[in-house]
Amino acid sequence: MVASDRSFDGRGIVFLIITLLAWSSVLLFLRHLHPYIDAWTANGWRYGMCTLVLLPMLLVKRRAGGLSRDIWRRAIPPAVFNSIGQTCFGFSIY
């Protein structure tokens, strides 16, 4: 029988708080900036920044052979669903 380690690791709580702050800050920024930008612009900036962060990692992984050839085809259904949800999220302020 393996003894379980019951020591407390606070990393999960720290990551939970960081996630909560990150998600809530988006709406605060959108609320503050909504007189200056429209909802389409706000979503464009958010998706553009996400692309700048994630695309290089995907390309490196693809070059190393870590991704299958049909990854883009399999990514389309969740991307469409997420795009609709994020567009509604961006328009919620307006």
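Quick one: which residue in 26, 53 is surrounded by fewer than 10 Cβ atoms within 10 Å (Cβ to Cβ) and of a type in the set (A, V, I, L, M, F, W, C)? First the steps, then the outcome.
Numbers: 26 fails: surrounded by fewer than 10 Cβ atoms within 10 Å (Cβ to Cβ).
Only one candidate passes the filter, namely 53.
Being more than 14 Å from the chain's Cα centre (by Cα), more than 28 Å from residue 94 (Cβ to Cβ) and surrounded by 10 or more Cβ atoms within 10 Å (Cβ to Cβ), is that true of even one residue in region 34-50? Looking through region 34-50, none of the residues is more than 14 Å from the chain's Cα centre (by Cα), more than 28 Å from residue 94 (Cβ to Cβ) and surrounded by 10 or more Cβ atoms within 10 Å (Cβ to Cβ).
Within region 19-32, residues that are under 16 Å from residue 94 (Cα atoms) reach partners that are in a helix (DSSP H, G or I) and at pLDDT below 80 with beta carbons closer than 6 Å, at six or more positions or on different chains, in the pairs 30/42.
Close contacts from region 74-93, counting a first residue that is closer than 20 Å to residue 26 by Cβ and a second that is modelled with pLDDT of 80 or more and of a type in the set (Lys, Arg), with Cβ to Cβ under 9 Å and a gap of 6+ residues or different chains, come to 93/31.
Given the condition more than 18 Å from the chain's Cα centre (by Cα) and not acidic (Asp, Glu), answer yes or no: does some residue in region 75-92 qualify? No: zero hits.
What do you reckon, is residue 75 exposed (fewer than 10 other Cβ atoms within 10 Å of the Cβ), in a helix (DSSP H, G or I) and either among the β-branched types (Val, Ile, Thr) or modelled with pLDDT of 80 or more (or both)? So residue 75 fails the test.
The set of residues from region 56-72 being assigned to a helix (DSSP H, G or I) and exposed (fewer than 10 other Cβ atoms within 10 Å of the Cβ) comprises 57, 63. Considering region 51-62, and only residues there that are modelled with pLDDT under 85 and not aliphatic (A, V, I, L, M), the residue that is farthest from the chain's Cα centre (by Cα) turns out to be 62.
The values are calculated or read from the model by the stated rules, or taken from the named source; none is laboratory data. Remember, predicted model here, so these are calculated numbers, not experimental data. Please note: Cβ atoms are built from the backbone with ideal geometry, for glycine as well, and neighbour counts cover all protein chains shown.
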